[in-house]
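K.L.:
I have a structure here, written as structure tokens, and I will follow up with some questions on it.
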Amino acid sequence: MSHLKHITLLLLLSLCSMLAPANANALERTSIVLQWLPQAQFAGIYMAQDMGFYEEAGIDLTILSGGPDILASEYLESGKAEFATLFLTTGLHRRATLPIVNIGQFVQHSSLMLITRKDSEIKRLEDLGGKKVGLWANEFQIQARILFKKKGLKVSVVPQSDSLDLFLRGGVAAASGMWYNEYHTLLSYGMEESELQPFFYSDYGLDFPEDGIYCLEKVADEKPELCRALVEATARGWMYAFNHTEETIDSVIRRMKEAKVPANRAHQRWMLKRMEDLIISDDYAVMGALHPNDYQRVRTALMDHGFIDSAPLFPDFYRGPR
């Protein structure tokens, strides 16, 4: 190697060593906690990370998984995460005690349901009166309790875990479920659609938006560009996920196995398709936007049924795309 080439190589190596930490430092480190274990419910976030969309937006994002014993809103409160995914009902309910704001609303419709057997005595929702109903704990009960109040139903609430065994054994007359998850799980167990009677909350005036991205108001005020970049990169991730199904399922399955969560490819494919139905809608032109009418409907329902005494106006609660 000539002396000149040697000097050139040293200069290039030196330049690379100086640029690498500079580029790394240019990425803003942050974290998001999801409200459940790894699954296709969060595929857009996974693919935004896998495809480098967050890095392109200047973000070094750590994704934290939730679960039955983890409340995403508590991670915001304790500072364990800067961002979290929450249902709109949860976001508004927690706003009463925690200054959080919504910076992006992705799931525009409710997929929540109560599931009964068609061969049971439950033919109408009203037939659940006096019966045992499985409900998830804490923040996931809000919509169900609003429904029961609206219908004047008194039910016996039984804590529901992430398993459907109690329902399968007849321990409850109805189980809580998501269209993209528990409903299809029962089908994968061998039950037929003709054997199941789902009661969608959306059919009873409770079509409430679900997964949105939240942070403390202070974060939204001090880091508006970070919030905007996070939401935009997540939207790119969802579009990529919907257009590259098998690659996305590969990523989801890998994350599930890493977390030691049982993984079923067909089930995750179903879930991803249902997420597309819930996120992509002709009525919502901008992905990631929360619409004032949806916000007002949820706000009114929570106030009318005593879950909150007051709630902020839309511009004070929502800081995302329009």
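Just so you know, all these numbers are worked out from the coordinates, no wet-lab data involved. A quick note: this is a predicted structure, and the numbers were derived from the prediction, not measured. With ideal geometry, Cβ positions are generated from the backbone for all residues, glycine too; neighbour counts draw on all protein chains shown.
K.L.:
Under the Karplus relation 6.51 cos²θ - 1.76 cosθ + 1.60, θ = phi - 60°, what is the ordered set of whole-Hz ³J(HN,Hα) values for the stretch 312-320, x standing for Gly and Pro?
P.N.:
x, 5, 3, x, 8, 9, 10, 10, x
K.L.:
What is the fewest-to-most order of S78, S110, S188 by other Cβ atoms lying within 10 Å of their Cβ?
P.N.:
Fewest-to-most ranking of S78, S110, S188: S78, S188, S110.
K.L.:
Next question. How large is the dipole of the chain about the Cα centre if only Lys and Arg carry +1 and Asp and Glu carry -1, each at its Cβ, rounded to the nearest 20 debye?
P.N.:
Around 480 debye, computed over the chain.
K.L.:
A follow-up question, please. Relative contact order (percent) for the chain, with alpha-carbon contacts under 8 angstrom and 6 or more residues of separation?
P.N.:
29 percent
K.L.:
I need Y318, Y214, Y204 ordered by Cβ neighbour count within 10 Å, fewest first.
P.N.:
Y204, Y318, Y214
K.L.:
Which percentage, to the nearest 5, of the DSSP beta bridges contained in the chain is antiparallel?
P.N.:
So the antiparallel bridges in the chain amount to around 60 percent.
K.L.:
In addition: Below 10 angstrom from the Cβ of P321, what's the summed charge of the other residues (Lys, Arg +1; Asp, Glu -1)?
P.N.:
Cβ neighbours under 10 Å give a net charge of +2.
K.L.:
With a sphere of radius 14 Å drawn around the Cβ of Y295, what net charge do the other residues whose Cβ falls strictly inside it have (Lys, Arg +1; Asp, Glu -1)?
P.N.:
Neighbourhood net charge equals +1.
K.L.:
Sorting R169, R269 on the 10 Å Cβ count, fewest up front, what's the list?
P.N.:
Going from least to most buried by this count: R169, R269.
K.L.:
Can I ask one more? I'm spelling it out carefully: the read-out is mean projected area of the Cα convex hull in nm², the candidates are (1) 19.7; (2) 14.4; (3) 16.2, and one was derived from this structure. Which label?
P.N.:
Of the labelled values, this structure produces (1).
K.L.:
Among N181, T116, G66, which residue has its Cα furthest toward the positive end of the charge dipole of the chain, with +1 on Lys/Arg Cβ and -1 on Asp/Glu Cβ?
P.N.:
The listed residue farthest towards the positive side: T116.
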